[in-house]
Amino acid sequence: MSEIFNFSAGPATLPKPVLIQAAQEMLDWHGSGESVMEMSHRAKHYSQIHAQAKQDLSDLLNLPPNYEIVFLPGGATVQFTMLPLNLAAQGQSIDFLTTGHWSEKAIKAARAMQYTTNEVATSIESGYATIPTRSSWQCDSNAAYLHLCLNETIHGVELFETPDCGEVPLVADASSTWLSREIDVTRFGILYGGAQKNIGPAGLTILIVRSDLLARQADPHTPGVMNLAVQVKADSMINTPPTYSIYIAGLVFQWLKTQGGISAIEAINKEKASALYRAIDQSSFYQNPVQAPYRSRMNVPFSLADESRTQAFLDGAEQIGLRNLKGHRAVGGMRASIYNAMPLQGVETLIEYMKEFERHC
Ligand SMILES: *Cc1c(COP(=O)(O)O)cnc(C)c1O
C-alpha cells in the first residue's frame, strides 16, 4: 500500500506528528492518568492545555495585546450567524462582499435574521472566478462592519490584500486560510474560522477579536453563549468548550512553531500551490477558471477539458492513495485542498499522476 494523501477540503488532513502524539497521550496525558477527553474543563490539567493553546496561537499570529482569542463550539456558520447580534446596533446596516459560496451564506444568514444588509460588490457574474476590485465596492461608511471571506474554500478564490475600509471594522471568515500565510491581524476587527480546515478537528471555532468591539453590546437580547463579551470574560468557558478539539489545535500550533512558524509554512504553501497551478496551466487537458491574482493557495479546483473522464480520473487517483479529490457538488470536477499539513510530496505525487493520466488518455 502506497502512502495516502488526503486532499479533503474539511475535515482535512492533520500533521502526522500531531496524530502520533495524540495517540501516545490518548490514555494518559502527561502522567495525569486521564485522557484529555475525560478531564473537567475547570480542572488544573485542562486549564494548562487551554492556556498553552492560547499562548501558542498568540505567538504564531504575533497578536497585539488589544486582541482576544475565543474558542467556541459550532463552526464558522454559527459565527457568521451570531456576529450581527454582537456588532450591529438596531437598524444599523451591515456591509458584505460576496466572492463565493461562503460569503453568500453569511449575507443570507444576516438577511434571515432581518438585518439590513448592503452587498458592497459581488463577483457572481464571473462564476466567482475573480474578486471585485476595491474601487468598485459601494461601501457604507456607517455600516456596523464589513464582512468578507478571505478564502472561498469551494470556488478556490483567495483575497491576499487586505482592503482599506476606513473606520468600518473588517470581519473576515478565515476558516480555510488562516495560519497558511502571514496576515496583519491589526487590519481586522475580527478574524474567525472553523478549525477543521487548517487547524484541527471539527467542532471548534476560533475568533480573534479586537477588544473595543466587545463594548458594543449591539443587541441586548443576545444570549450569553452567543455574546462575545460574555465569552471573553469567561475565557470561552461559559459552558463546556470543545476541550479535545482545543487540545489537538494546541498540538497543531506547537507543530507549526517547530516548522518555523507561519512565514516558513507560507513559503512551502507557495511552492505547493504554484507547482500545482503550473501543472494545470501547462496542459490544455486540465483547467482552473480563477484569475491568477486570486487563485487560492489552499483549495485548487480544476476540471478536465473532457469532463466525461472525471470519474476515471478520480478512480485512478483513489487507487494510488490520492484521496478525496472530488470537487464540491456546486462546482463539479476536482478540488485539491493543500492545507499546511499536506506535504510537498503529496502535491508532487498528484502532479505526477495528472501527467500520467493525460498520457494514457
Ligand atoms: C467550511 C467553511 C465554513 C463552514 O464551516 P462550518 O464549520 O461547517 O460551519 C465557512 N466558511 C468557510 C470559508 C469554510 O471553509
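Numbers at a glance
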item	result
So T222, is it of a type in the set (S, T, Y), at negative phi and surrounded by fewer than 21 Cβ atoms within 10 Å (Cβ to Cβ)	yes
Helices (runs of 4 or more DSSP H) wholly inside the range 2-121 containing at least 1 residues that are more than 16 Å from the ligand (Cβ to nearest atom), of a type outside the set (D, E, K, R) and in contact (Cβ under 8 Å) with a residue 12 or more places away in the chain	16-25, 44-61, 75-87
Residues satisfying the stated conditions in the range 205-227, i.e. under 16 Å from the mean Cα position of the chain (by Cα) and either near the ligand (Cβ under 9 Å from one of its atoms) or part of a loop (DSSP other than H, G, I, E, B) (or both)	T205
Check on R323, among the charged types (D, E, K, R) and at pLDDT below 95	no
Flag if V230 is farther than 24 Å from A109 by Cα and either in contact with a His (Cβ under 9 Å, 6 or more places away or on another chain) or more than 16 Å from the ligand (Cβ to nearest atom) (or both)	no
Selected residue [over 17 Å from F71 (Cα atoms), in contact with a helix residue (DSSP H, G or I) (Cβ under 6 Å, 6 or more places away or on another chain) and not basic (K, R)] from P220, P201, P169, P163	P163
Residue among A89, A76 that alone is closer than 30 Å to T117 by Cα, in contact with a strand residue (DSSP E or B) (Cβ under 6 Å, 6 or more places away or on another chain) and among the aliphatic types (A, V, I, L, M)	A76
Candidates A106, A23 - the one that is surrounded by 20 or more Cβ atoms within 10 Å (Cβ to Cβ), of a type in the set (A, V, I, L, M) and at pLDDT 95 or above	A106
Members of the range 86-103 that are surrounded by 18 or more Cβ atoms within 10 Å (Cβ to Cβ) and more than 16 Å from the chain's Cα centre (by Cα)	N86, L87, A88, I94, D95, F96, L97, T98
Failed item, numbered, when K257 is tested on (1) crowded, with 20+ Cβ neighbours inside 10 Å; (2) in a helix (DSSP H, G or I)	(1)
Residues (outside any loop (DSSP other than H, G, I, E, B) and away from the ligand (no atom under 13 Å from the Cβ)) located in the range 170-204	L170, V185, T186, R187, I190
Residue count, the range 130-157 (criterion: within 16 Å of the ligand (Cβ to nearest atom), charged (D, E, K, R) and free of Cβ contacts under 8 Å to residues at least 60 places away in the same chain)	0
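The values are calculated or read from the model by the stated rules, or taken from the named source; none is laboratory data. Since the structure is predicted, the reported quantities are computational estimates derived from the model, not experimental observations. So basically every Cβ, Gly included, is an ideal-geometry build from the backbone, and we count neighbours across all protein chains shown.
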